[in-house]
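The values are calculated or read from the model by the stated rules, or taken from the named source; none is laboratory data. No experiment lies behind these values; they were computed from the predicted model shown. FYI the Cβ positions are ideal-geometry reconstructions off the backbone, even for glycines, and counts take in every protein chain you see.
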Amino acid sequence: MNAPNASGWKPGTPVEGHNAMSGPDTATGNRALMLEEPLLFEIGHAETTGVDLPEPQAGANRLGGFDRKDPIGLPGLSEPETVRHYTRLSRQNYAIDLGLFPLGSCTMKHNPRLNEKVARMPGFADVHPLQPVDTVRGALEVINELAHWLIELTGMQGVAMSPKAGAHGELCGILCIRAALEARGDAREVILVPESAHGTNPATAAFAGYRVEDIPANSDGRVDLEALKARLGPDVAGVMITNPNTCGLFERDMKAISDAVHEAGGFVYCDGANFNAIVGKVRPGDLGVDAMHINLHKTFSTPHGGGGPGSGPVVLSEALCPYGPLPFTARTRDGVVHLVEEENAAEFDHTKAFGRMTAFHGQMGMFTRALAYILSHGADGLKQVSEDAVLNANYILRSLEDVLDAPFGHSGPCMHEALFSDKGFADDVSTLDLAKALIDEGYHPMTMYFPLVVHGAMLVEPTETESKAALDQFILALRSVAERAIAGDETLKAAPYYAPRQRLDETQAARKPVLAWNDANLT
Amino acid sequence: MRYLPLTDTDRSDMLDTIGAPDIDALFADVPEAARLSGPIEGLPMHASEMSVEKHMRRLSKKNLAASDAAFFLGAGAYKHHIPASVDHIIQRGEFLTAYTPYQPEIAQGTLQMLFEFQTQVARLYGCAVANASMYDGSTACWEAVAMAGRVARGKKRKVVLSGALHPHYAEVVRTMAKFTDDEIAGAPPSLTARPDDDGLIARIDGDTSCVVVQYPDILGRLPDLAKIAEAAHDKGALLIAVNTEPVALGAIASPGELGADIVVGEGQSIGVGLQFGGPYLGLFAVRDEKHVRMMPGRLCGETVDAGGKRGFVLTLSTREQHIRREKATSNICTNSGLCALAFNVHMTLLGEKGLRRLAMENHRLACFAADRLAKVPGVKLLNDAFFNEFTLLLDGDARSIVRELTQQDILAGVSLARLFPGHDALSNGLLVAVTETTTEEDVETLASALEEVLA
């Protein structure tokens, strides 16, 4: 079982009778295709440029005497040098295009290339956010069409499209709640957040001026409904709950939680980071959610780009809709899509908007990609997406629970991600060691030490875009490193061995921060 | 479905391994009442790549692309030429489809790029340290205000905004301040040839945590940052300088060297297209290293690996939400990584020489355009000084003129009425931006059209 392929052949295995050879050091530090690359500041020159621009001409100067006099310190490279510099750097990165990327809660799924092509169409890529509305009707239609899908898929009333990423969307949702409470003259001070929540949840609530309190969990890894009910009261503005939660489990009591919070006069914020597990299967609106952000870069496959840009539209219930921020789009009965901003908010009955989250209309470049993804899948395909995501995660859970401890494996199936703990590892071997060994096997590690409620947590999210063969090989690799961790294999402590870098000294980086290049380092 | 590798045989084999009778068994925790039995009604079913592309192309054709018009819009988003290699590099899968570089052994590509990016931004801004980017200029501006509050340890609650700060940036600051109890002192913009620096200085007092000044400002004018910095520092306040056109800093002195304490801005001009407003690139830097631990957002730093080789890691993360939770300096998680790469590549292609040439070419064409347009009867140039954007005062309602000229595929600029709705005194103002992509013929086209419409 779990052979890397049907024939059992493993890449890199020497043919019998031929010894594999480790080689001598090289003069350059390179090792064939593994190429070292200096910093731009070590190879570039202020006089080199890769862009042809005219020589400055003597002529008018209307800079008001604020001319820059000193050198800036920006080295340049010609185009061939530039392309080579970044191509070499790119090869030191792991990426979904290279292999399975099992980061739990981050949803690293395939990024369809059609979406890249669509986003680059001149009518989307080359339009200015302040063009007269009549010249950008197609862009407004994209926003509106995507908004329509998001509303239908979540069973909510409206959507604020402008938030720039998930955490920005959280802030938007919490500000809607605060605005709604203030509108009824109800000052509340507390937001309840489970311990298993993403760090952005408590940070967002604090940023919006709330005090954060923990919601206790039960032994099944879910919100303790009775304990929550006991804490609700006139000081609680709302709860922030991730569903499916960060243990990869569906909150069975979600509707009861929502009802209890509503009864106590509060609102329910749902962190939609894991919406990809239930899209097309369950509508959060049916569970009583008042606000939920949707990470377009998770559920709807817009690229993560090495850390953004994201996009975090927030769907809103009827109670919160009037407070959603500007700008947004609205389609009138004649089919025309309008841009609603401060000046025409009254026309669209939206004078209670709490304000503005960002300068323009949100992440248009992500809207086009997400819409192309949604249209490609359609209502039927999106349902298949969540089913396959959940199937793949359960396949990993059940294929490995004999060797890795699955703390909530007993409570039933998981959703889109499988959670394991470090229970059973030899004393001096940690989750980190296992993860670094997984790098040598050719994988990006899973999410580690999160959620905080499980010791040495390993959260594995394969996503729906992995084949069974890819899952089988990953299972083989994870099983192998897990067995080494249990056996106390000392070699794990220094893994990875085959990556472009060994473990990096993070303590030194933080103690004496070097955050920019200093030319004094040039000899 | 072309993005889903599992076959029906795979699915059934895997269910067997799991020990589940069917897929619904895996959704058993979802209450029956909330479970949808079939695809959501009223939504289209899956579609081929060809048909999706066709649909999206049809929508894109309903927009007038900037390159198909005589184009003069700015106000925080600028049309510049982006070298072809920039888009090629950001589409490499190893950059495009990578995650945040939390596993530095296999993310040195992104990390080294961020280190280079931080250095480029810090130098451009005249600062000691820049972070690895924010969402965009407007949110970076708010984060700077919030940071100034932290530096003042919450003892100073007043934020003085220049009237010539981009109104959307000011609105973001006002929105967020509503929820943090900061007092925002704004002022209406005034149509004067020079910014009212003295009026701004007069509003700074001992309770002021920061002064926020845009440079060049929303009308294209150049405030005297050094003078404002001195006045702010006298009262114990920080100066936050906001820049929405980084190309300008190839020609004018950096905010840091003029005394700004926090410099933030929009980086879109370098490497990132217009894209109807996003994704863009928030830049954030501090002049003095002592403020580093108060900064929001990710920071990349240099270190060594276990074998002694130089490498880079995300660092000082004890400021951040995933470690500090409710005590973090910001709730920001995702930044604008790929846009930072685009900036980094474009800036590398330009280099010092290219950036200065680009800036001077923008300025030369802007001077040409300002002089030509000011010759049109009924048009007056407001600015004494400007970089590549200036304000015209028209004998007429600028907003309706802008709308009218779109009929001739002229995107004439941003009317001040669009930016400052409700301020009738500004209705004849037109903000015009000129870049290296503007031709002298474009300027002539606009001039003739204005001549006609104002006659």
What are the pairs, 6+ residues apart or on separate chains, where a residue within the stretch B:1-23 that is under 17 Å from A:C414 (Cβ atoms) and free of Cβ contacts under 8 Å to residues at least 24 places away in the same chain has its Cβ under 9 Å from a residue that is surrounded by 11 or more Cβ atoms within 10 Å (Cβ to Cβ) and aromatic (F, W, Y)?
B:M14/A:Y395; B:L15/A:Y395; B:T17/A:Y395; B:I18/A:Y395
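What number of residues within the stretch B:391-404 are among the small types (G, A, S) and surrounded by fewer than 24 Cβ atoms within 10 Å (Cβ to Cβ)?
Counting residues in the stretch B:391-404 that are among the small types (G, A, S) and surrounded by fewer than 24 Cβ atoms within 10 Å (Cβ to Cβ) gives 2.
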Any residue in the stretch A:215-239 that's basic (K, R): show its pairings with residues that are assigned to a loop (DSSP other than H, G, I, E, B) and surrounded by 15 or more Cβ atoms within 10 Å (Cβ to Cβ) at Cβ separation under 8 Å, as long as the two are six or more apart or on different chains.
A:R222/A:N245; A:R222/A:C247; A:R222/A:L249; A:R222/A:E251; A:R222/A:R252; A:R222/A:D253
Residue by residue through the stretch A:50-60, note down the ones that are at pLDDT 95 or above and either more than 7 Å from chain B (Cβ to nearest Cβ) or loosely packed, with under 15 Cβ neighbours inside 10 Å (or both).
A:D52
Taking the condition of being farther than 15 Å from B:K235 by Cβ and under 24 Å from the mean Cα position of the chain (by Cα), how many residues in the stretch B:195-222 meet it?
10
In the stretch B:279-303, anything surrounded by 24 or more Cβ atoms within 10 Å (Cβ to Cβ) and of a type in the set (K, R) is listed as B:R287, B:R298
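With respect to B:K309, determine if the residue is among the charged types (D, E, K, R), surrounded by fewer than 23 Cβ atoms within 10 Å (Cβ to Cβ) and farther than 26 Å from B:A170 by Cα.
Details: among the charged types (D, E, K, R): yes; surrounded by fewer than 23 Cβ atoms within 10 Å (Cβ to Cβ): yes; farther than 26 Å from B:A170 by Cα: yes.
So B:K309 passes the test.
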Quickly run through the stretch B:29-51 and pick out the residues that are modelled with pLDDT of 95 or more and of a type in the set (G, A, S).
B:A47, B:S48, B:S51
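Can you tell me which of A:L103, A:L140 is crowded, with 19+ Cβ neighbours inside 10 Å, farther than 20 Å from B:H346 by Cα and more than 7 Å from chain B (Cβ to nearest Cβ)?
Every option except A:L140 fails the conditions.
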Restricted to the stretch A:186-205, and to residues that are touching a helix residue (DSSP H, G or I) at 6+ places or on another chain (Cβ under 8 Å) and in a loop (DSSP other than H, G, I, E, B), which residue is surrounded by the fewest Cβ atoms within 10 Å (Cβ to Cβ)?
A:A187
Given the conditions (1) closer than 30 Å to A:N295 by Cβ; (2) touching a strand residue (DSSP E or B) at 6+ places or on another chain (Cβ under 7 Å); (3) of a type in the set (A, V, I, L, M), report the number of the one that A:L89 does not fulfil.
(2)
I'm trying to understand the selection: among the residues of the stretch B:142-172, which are at the interface with chain A (Cβ under 10 Å from one of its Cβ atoms) and assigned to a loop (DSSP other than H, G, I, E, B)?
B:H166
Take the residues of the stretch B:405-455 that are acidic (D, E) and within 23 Å of B:D217 (Cβ to Cβ): which is surrounded by the fewest Cβ atoms within 10 Å (Cβ to Cβ)?
B:D424
Tally time: how many residues in the stretch A:357-401 are more than 30 Å from B:G282 (Cβ to Cβ) and in a loop (DSSP other than H, G, I, E, B)?
1
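Condition check ((1) more than 7 Å from every other protein chain (Cβ to nearest Cβ); (2) under 16 Å from B:M347 (Cβ atoms)) across all residues:
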| position | (1), (2) |
| --- | --- |
| A:L33 | yes, no |
| A:S78 | yes, yes |
| A:E81 | yes, yes |
| A:Q92 | no, no |
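Only one residue in B:C339, B:C367, B:C333 is out of contact with any Asp or Glu (no Cβ under 6 Å at 6 or more places or on another chain), at the interface with chain A (Cβ under 8 Å from one of its Cβ atoms) and in a loop (DSSP other than H, G, I, E, B), so which one is that? Quick ask: steps written out before the conclusion?
Working: B:C339 fails: in a loop (DSSP other than H, G, I, E, B); B:C367 fails: in a loop (DSSP other than H, G, I, E, B).
Residue meeting the stated conditions: B:C333.
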Residue hits (the stretch B:411-455; hydroxyl-bearing (S, T, Y), in a loop (DSSP other than H, G, I, E, B) and without any contact (Cβ under 8 Å) to a residue 60 or more places away in the chain) are B:S427, B:T439
Please work out if A:D422 is among the acidic types (D, E) and closer than 28 Å to B:T303 by Cα.
no
Within the stretch B:386-410, restricting to residues that are farther than 23 Å from B:A170 by Cα and part of a loop (DSSP other than H, G, I, E, B), the one that is nearest to the chain's Cα centre (by Cα) is B:D409
Does B:G93 satisfy the criteria of being at the interface with another protein chain (Cβ under 7 Å from one of its Cβ atoms), out of contact with any His (no Cβ under 7 Å at 6 or more places or on another chain) and free of Cβ contacts under 8 Å to residues at least 60 places away in the same chain?
yes
When you go through (1) at pLDDT 95 or above; (2) more than 7 Å from every other protein chain (Cβ to nearest Cβ); (3) over 18 Å from B:L114 (Cα atoms) one by one for B:T318, which number turns out not to apply?
(1)
Can you pull out the strands (runs of 3 or more DSSP E) entirely within the stretch B:237-308 that have at least 1 residues that are farther than 22 Å from B:N344 by Cβ, touching a Cys at 6+ places or on another chain (Cβ under 6 Å) and in contact (Cβ under 8 Å) with a residue 60 or more places away in the chain?
B:238-243
Search result, residues across the stretch A:278-337 that are over 18 Å from A:H148 (Cα atoms) and more than 12 Å from chain B (Cβ to nearest Cβ)
A:A319
Report whether or not A:A3 is under 28 Å from A:Y443 (Cα atoms), modelled with pLDDT under 90 and touching a Gly at 6+ places or on another chain (Cβ under 9 Å).
no
Going through the stretch A:338-356 in order, the residues found to be facing chain B (nearest Cβ under 10 Å), of a type outside the set (F, W, Y) and in contact with a helix residue (DSSP H, G or I) (Cβ under 6 Å, 6 or more places away or on another chain) are A:G355, A:R356
State all residues of the stretch A:151-181 that are out of contact with any helix residue (DSSP H, G or I) (no Cβ under 9 Å at 6 or more places or on another chain) and more than 8 Å from chain B (Cβ to nearest Cβ); if no residue qualifies, say none.
A:C172, A:L181
